[in-house]
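The values are calculated or read from the model by the stated rules, or taken from the named source; none is laboratory data. Given the structure is predicted, the values throughout are model-derived calculations rather than measurements. Reconstructed Cβ throughout: ideal geometry from the backbone, glycine too, with neighbour counts over all protein chains shown.
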Amino acid sequence: MKVGPLRRLTTDGCFKQNPCFSPDGREIAFVRHYDDEFSICVMQADGTHFRQITEHRGDKAPQYHPDWSPDGKHIAYTFFTFAGTDGSQHIQTMTPDGKNVERIISGTQFNQHPVWSPDGKQIAFCSMRDGNPEIYVADADGKNIRRLTQNPGLDHHPTWSPDGSRIAFDSDRDGNLEIYSMDPDGKNVQRLTDHPSADEAPRWSPNGKYIAFTTFRDGNWEVYVIDTDGKNPINISNHPAYDRFPAWRPDSGALVWVSRRDNVTDLYLAEVS
């Protein structure tokens, strides 16, 4: 895989995470930390026309993990609420202008990391509703919740293959965070990475050929790409600074991620081929 020159998309220096392209590739949703709050923002894919789409709440509770629906009409995200010293994470949807908010999965079980299935009919997510972080799937309206993973370890960050036949995720079930994949019913789990350092937050490429993820295997956070069988790892970010949260452009021809290479945390994009 060839990696083109890196292009900086944002310049405000605010901490960012969880970028996600719109299905047509024209916009990027992401999380921005500003005024002591984590809010969801949207901008054009070239970094222009920035706007915050979730309201400023004043309670410092984060809103994060945005994921665009395949038809481009909705964004699913994690919504945190405080109750005294405790909190709950819910999964909500909204239209890309931040309106028409609907809470689809609720409770005190820390529901997070929602991702739409390629056909838009389901949402995979992580929840502690059975006592530890596991991967679940629900219908797009939040109903008919089914548990996919059955392991005492931590299972996080699901991502669907573009044909819907597999779900990749990270887990520490074998001692440290690694990347795994499974059938959409939770069966046939396959371990994809095997390294003593943490591998996390996988994102399946839209063409189905690769999985991007974040790793600490070089002594700092880097963005890597592997084949879907875990072979041929490639360091995409290749910089001593913090590089995390990769996301693919819909044509699989570019990756966007968060980097601190200019002493502030901004979004960067690189063409790949």
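Criterion applied to Gly208, Gly219, Gly153, Gly164 was being in a loop (DSSP other than H, G, I, E, B), without any contact (Cβ under 8 Å) to a residue 40 or more places away in the chain and on the phi > 0 side of the Ramachandran plot, and the one residue passing it is Gly219. Would you mind telling me which numbered condition in (1) without any contact (Cβ under 8 Å) to a residue 24 or more places away in the chain; (2) in contact with a Gly (Cβ under 9 Å, 6 or more places away or on another chain); (3) within 20 Å of Arg191 (Cα to Cα) Glu134 fails? Condition not satisfied by Glu134: (2).
Let's see how each residue does on (1) under 16 Å from the mean Cα position of the chain (by Cα); (2) in contact (Cβ under 8 Å) with a residue 40 or more places away in the chain:
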residue	(1), (2)
Asp12	no, yes
Gln17	yes, yes
Asp24	no, yes
Ile53	no, yes
Pro66	yes, yes
Ile75	yes, yes
Gln92	yes, no
Lys99	no, no
Gln112	yes, yes
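Checking Asp243, Asp199, Asp227 one by one, the residue that is acidic (Asp, Glu) and surrounded by fewer than 18 Cβ atoms within 10 Å (Cβ to Cβ) is Asp227 and no other. Count of the stretch 79-96 residues, restricted to those that are crowded, with 17+ Cβ neighbours inside 10 Å and either modelled with pLDDT of 95 or more or farther than 16 Å from Phe110 by Cα (or both), is 5. Residues that are at pLDDT 95 or above and out of contact with any strand residue (DSSP E or B) (no Cβ under 9 Å at 6 or more places or on another chain) within the stretch 134-186 comprise Asp163, Ser165, listed in sequence order.
Quick check on the stretch 20-57: of everything there that is modelled with pLDDT of 95 or more and acidic (Asp, Glu), which residue is farthest from Val115 (Cα to Cα)? Among those that are modelled with pLDDT of 95 or more and acidic (Asp, Glu), it is Asp46.
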